[in-house]
Amino acid sequence: MAEATFHFPRGFLWGCATASHQVEGNNTNNNWYFWEQAGHTRHKSGLACDWWGGRWKEDMDRAAETNQNTHRLSIEWSRIQPAPDRWDEDALDRYRGILRGLRERGLQPMVTLHHFSDPLWLYEQCGWEKETVVPLFEKYVRKVVEALKEYTSLWCTINEPNVYALSGYVAGDFPTCKNGHKGLDVATLVLANLLRGHAAAYRAIHEIQKDARVGYALHFRPMLAARPWFPLDALMRNIQYRGINMAFPSAISSGVMKSPLGNVRVPEVRGLQDYLGINYYSVDTVTFDITRARELFGKRYYPAGSDLSPSGFIANIPNGLYDSLHWAVKSYPDLPIYVTENGVEDDRDQLRPRYLARHIEQLWRAINFNWPIKGYYHWSLVDNFEWERGWTQRFGLWGLDLETQARIRRPSVDFYAEICKENGISSEMVRKYCPEVLETLFPG
Ligand code: BGC
């Protein structure tokens, strides 16, 4: 076995990603709070990681002390604009303090403006189903960017628009308009409005801040046909792939959103991105399934024998990260790329170290082709509220004891700290934290 280190380019960004509703706690004025109260989630978010109560400080100390140099967080719209005619200046001040705190700790902020949660008042108007949301979103974005521009120029308009639309309007797991109609047709409408919102935000941010870098985070899932020789599996794979992965980026490339239900023209969004954010977790296998009319007869699953996370939610398929980055660079040559999320739920930290090692190796492989990959954000820093799945899944490098708010240092904390410090991953680290993949990463 050769001793070696896979090094990353100087200035590479290493950090974690979080989202307001998942970490702040006491977010009682948004669509998710309503959804939780109505009993649609496994648990309630409650105090979450208590960031709004001030614990962001200790968690940012943790990030900085473990050699991270960036952090991706999101702003909670319902705090900034608690009612349509009211801005909360104290909340803006609080976020200013948080971003200042990040900078003081040497953490470059990437700020997401929309990460799945909407103000309750917007939700009551059926939010992103109506085009009227676009100027509202733009106003909120202007307010936030004016207030925070001193601390960052790296903005992520919308997190996973594809997941937001499909988890709500197709799977029924996310809040959708009360008593409203669900289906692919509404999901398509929502996606089109998210595109318009992205375009309006992109333009507004650049108007306010000349050197801004504005993008969005795409949940990208490579897909394989279960039986590639079977035309229906291949067809289902293509339909799912186009519907889930391509709708948003196709519109940004061409001004036309190509959806399984037909094309929607959104010319105003064409070309509006300064970087591409990729959220990568796993690869789906797709087969034809006559019982899945709502999902256009495509079933997505992980094959038997996959290296699964404890709840089976994620399969450890590292080359999928490479394939996602390959797709990104082929689609947008020269556009900077960030891995805006990547991680695994694993309360006992048995899978996480090898998941981390092997995904970092794939990232390094991609960087060796000189693809312009600028940073990696692990999901996540501390266990946080996992949407409809509540607290059943633990994505943190640090564990969270919900009763006491104590943080539990998992071995992956130290592993990631060594990676960030070295700006690379070495055979020595892999031997220490996940010897089971040493031969895979460093053969010989
Ligand atoms: C979302 C996060 C979520 C993570 C793990 C991503 O789709 O952006 O909010 O916690 O996946 O499920």
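The values are calculated or read from the model by the stated rules, or taken from the named source; none is laboratory data. Quick caveat, the model's predicted, so the values are computed rather than measured. Neighbour counts run over all protein chains shown; Cβ positions are idealised from the backbone, glycine included. With ligands, DNA and RNA removed, areas are computed over all heavy atoms of the protein, side chains included. Shrake-Rupley method; radii C 1.70, N 1.55, O 1.52, S 1.80 Å.
Counting only lysines at least 8 places from residue 299 when in the same chain, those with an alpha carbon closer than 20 Å to its own are 182. Restriction of the trypsin sites (Lys or Arg not before Pro) in the stretch 278-362 to DSSP coil positions whose beta-carbon has at most 16 other beta-carbons within 10 angstrom yields 292, 294, 348. Count the net charge of all other residues whose Cβ sits under 10 Å from the Cβ of residue 71, scoring Lys and Arg as +1 and Asp and Glu as -1. Net charge in that neighbourhood comes out at +1.
Checking the a/c ratio against 1.5 first, then a/b against b/c, what shape does the Cα gyration tensor give for the stretch 251-402? Note, shape of the stretch 251-402 comes out oblate. Normalising the average separation of contacting C-alpha pairs (under 8 angstrom, six or more residues apart) by the number of residues puts the relative contact order of the stretch 109-177 at 54 percent. Near residue 153: Cβ cut-off under 13 Å, other residues only, Lys/Arg at +1 and Asp/Glu at -1. The net charge is +1.
Counted over the chain, the DSSP beta bridges are approximately 35% antiparallel. With 19 Å as the limit on Cα-Cα distance, the pairs of 149/210; 130/178; 139/178; 374/432; 330/374 that go past it are 139/178; 374/432. Would you please classify the overall shape of the stretch 12-396 from the alpha carbon gyration tensor, given that a ≥ b ≥ c denote the square roots of the eigenvalues, rounded means a/c under 1.5, and beyond that prolate means a/b larger than b/c while oblate covers the rest? In terms of gyration-tensor shape, rounded. At a Cβ-Cβ separation cutoff of 4.7 angstrom, cysteine residues of the chain with no neighbouring cysteine are 16, 49, 156, 420, 434.
Summing +1 for each Lys or Arg and -1 for each Asp or Glu among the other residues whose beta-carbon sits under 10 angstrom from that of residue 22 gives -3. Is the C-alpha gyration tensor of the stretch 262-303 telling us rounded, prolate or oblate? Criteria: a/c under 1.5 is rounded; beyond that, a/b larger than b/c is prolate, otherwise oblate. It comes out oblate by the Cα gyration axes. Which GluC sites (Glu not before Pro) in the stretch 143-210 sit in a loop by DSSP (not H, G, I, E or B) and have at most 12 other Cβ atoms within 10 Å of their own Cβ? Passing sites in the stretch 143-210 are 150.
Taking θ as phi - 60° and the Karplus parameters 6.51, -1.76 and 1.60, the scalar couplings of the stretch 410-426 work out to 7, x, 4, 4, 6, 4, 5, 4, 5, 4, 5, 5, 6, 6, x, 10, 10 Hz in sequence order, x denoting glycine and proline. Under 5 Å from the amide H of residue 71 lie the amide H atoms of 108, 110, each residue being 5 or more positions distant or on a separate chain, with H modelled from the backbone and absent for Pro and chain starts. Compute the FRET efficiency between residue 428 and residue 65 as 1/(1 + (r/R0)^6), taking r as their Cβ-Cβ distance and R0 = 25 Å, and round to the nearest 0.05. Using R0 = 25 Å, I get an efficiency of 0.75.
Which one of 156, 16, 177 has the biggest mean-square fluctuation once the chain is modelled by GNM with Cα springs under 10 Å? Maximum among the listed residues: 177. Residues of the chain were split at every exposed loop site, defined as chymotrypsin sites (Phe, Trp or Tyr not before Pro) in a DSSP loop with at most 16 other C-beta atoms within 10 angstrom, and the longest piece left, sites excluded, is 88-228. Output the antiparallel fraction of DSSP beta bridges having both residues in the stretch 1-112, as a percent to the nearest 5. Within the stretch 1-112, antiparallel bridges account for around 10 percent of the total. Computed over protein heavy atoms with a 1.4 Å probe, the accessible surface of the stretch 12-396 works out to 36 Å² per residue. Each part reduced to its alpha carbon centroid, the stretch 58-82 and the stretch 188-246 end up 25 Å apart.
What number, in percent, do you get for the relative contact order of the chain if the mean sequence gap of Cα pairs under 8 Å and at least 6 apart is divided by its residue count?
19 percent
In the stretch 12-396, carbon and sulfur make up what percent of the accessible area (probe 1.4 Å)? Taking all protein chains in place, the stretch 12-396 shows 50 percent carbon and sulfur surface.
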